[in-house]
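Asker: Pasting in a structure now, in C-alpha cells, and then I'll have a few things to ask.
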Amino acid sequence: MKPVVTWVVLANARAARALENRGPGKGLVDLNGMNWLAEPATVPRDRAGVGHSSAGPGISAVEQSDPQIHADKRFAQTVSEKLSKAFTAKKFDRLVIVAGPRMMGLMRSSLDHRVRARVIGEIAKDLSALPLDVVETHLGEIIVV
C-alpha cells in the first residue's frame, strides 16, 4: 500500500522550504531542491509625487506604494506555483502550511483551489529557523510525525 505523503511548508517572507512525512514514525525529511529564496524588494527610484486637484487649486501628496509588500506577494505566488506543479506531479497527497501570520495570509490567497483542498492544517507561526525536531512537536496536533 502506498504511504500517504504529507508535505510541510515552512515559510517566512524571505525563504521557504518543503519537508516530507511518509507516515507515523517516519519524521520529517528536508526535500532537496524544494527551498526557495525571495527576490529582494526593489527600492523606488524617485520620491512620491504631488497630485493636482481637478476641482480647484489644491494639491496633495501621492503615497508611494511599499515595495516590500509587492515582493512578499510575488514570493508567496512563486511558492504557490511550485506547490501546484509538485501536486500536479503527484509528489504529495496532503499539505500543512507553517508560516507567520502575514505570510500565511499571502499563501492562502495565492494557492490554487486544487492545492488549497489538500491543506489539512495550518500553523500561523514563523518556525522556519527552528530545528526539525522542534517543528515536529508543533505539528503534533495536525499530523503524527
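The values are calculated or read from the model by the stated rules, or taken from the named source; none is laboratory data. All values derive from a computational prediction rather than experimental measurement. Neighbour counts run over all protein chains shown; Cβ positions are idealised from the backbone, glycine included.
Asker: Taking interchain pairs and intrachain pairs at least six residues apart, which have beta carbon atoms under 6 angstrom, with the first residue in the stretch 109-126 and within 19 Å of THR78 (Cβ to Cβ) and the second surrounded by 13 or more Cβ atoms within 10 Å (Cβ to Cβ) and among the polar types (S, T, N, Q)?
Answerer: SER110/GLN77; SER110/SER80; LEU111/SER80; ASP112/SER84; VAL115/SER84; ASP126/ASN12
Asker: Could you grab me the full set of residues in the stretch 78-91 that are touching a helix residue (DSSP H, G or I) at 6+ places or on another chain (Cβ under 7 Å) and surrounded by fewer than 22 Cβ atoms within 10 Å (Cβ to Cβ)?
Answerer: If the condition is that a residue be touching a helix residue (DSSP H, G or I) at 6+ places or on another chain (Cβ under 7 Å) and surrounded by fewer than 22 Cβ atoms within 10 Å (Cβ to Cβ), then SER80, SER84, PHE87 are the ones that fit.
Asker: For the stretch 118-134, how many residues are within 15 Å of ALA18 (Cα to Cα), aliphatic (A, V, I, L, M) and part of a loop (DSSP other than H, G, I, E, B)?
Answerer: Selection size over the stretch 118-134: 3.
Asker: Find the strands (runs of 3 or more DSSP E) located wholly in the stretch 1-106 whose residues include 2 or more that are at pLDDT below 90, touching a strand residue (DSSP E or B) at 6+ places or on another chain (Cβ under 7 Å) and not polar (S, T, N, Q), and list them. Before you say what the answer is, go through the steps one by one.
Answerer: Details: elements: 6-11, 15-21, 29-37, 50-52, 59-61, 94-99.
Hits in the stretch 1-106: 50-52, 59-61.
Asker: Among the residues of the stretch 123-134, is there at least one that is farther than 16 Å from ARG14 by Cβ, modelled with pLDDT of 95 or more and either buried (at least 16 other Cβ atoms within 10 Å of the Cβ) or of a type in the set (A, V, I, L, M) (or both)?
Answerer: Yes, the conditions are met somewhere in the stretch 123-134.
Asker: Determine, yes or no, whether VAL115 is within 22 Å of TRP7 (Cβ to Cβ), touching a helix residue (DSSP H, G or I) at 6+ places or on another chain (Cβ under 7 Å), part of a strand (DSSP E or B) and at pLDDT 90 or above.
Answerer: Judged against the criteria, VAL115 is not a match.
Asker: Return the residues of the stretch 4-34 that are under 14 Å from ILE97 (Cα atoms) and either among the aromatic types (Phe, Trp, Tyr) or without any contact (Cβ under 8 Å) to a residue 40 or more places away in the chain (or both); say none if nothing qualifies.
Answerer: Within the stretch 4-34, TRP7 is the sole residue that qualifies.
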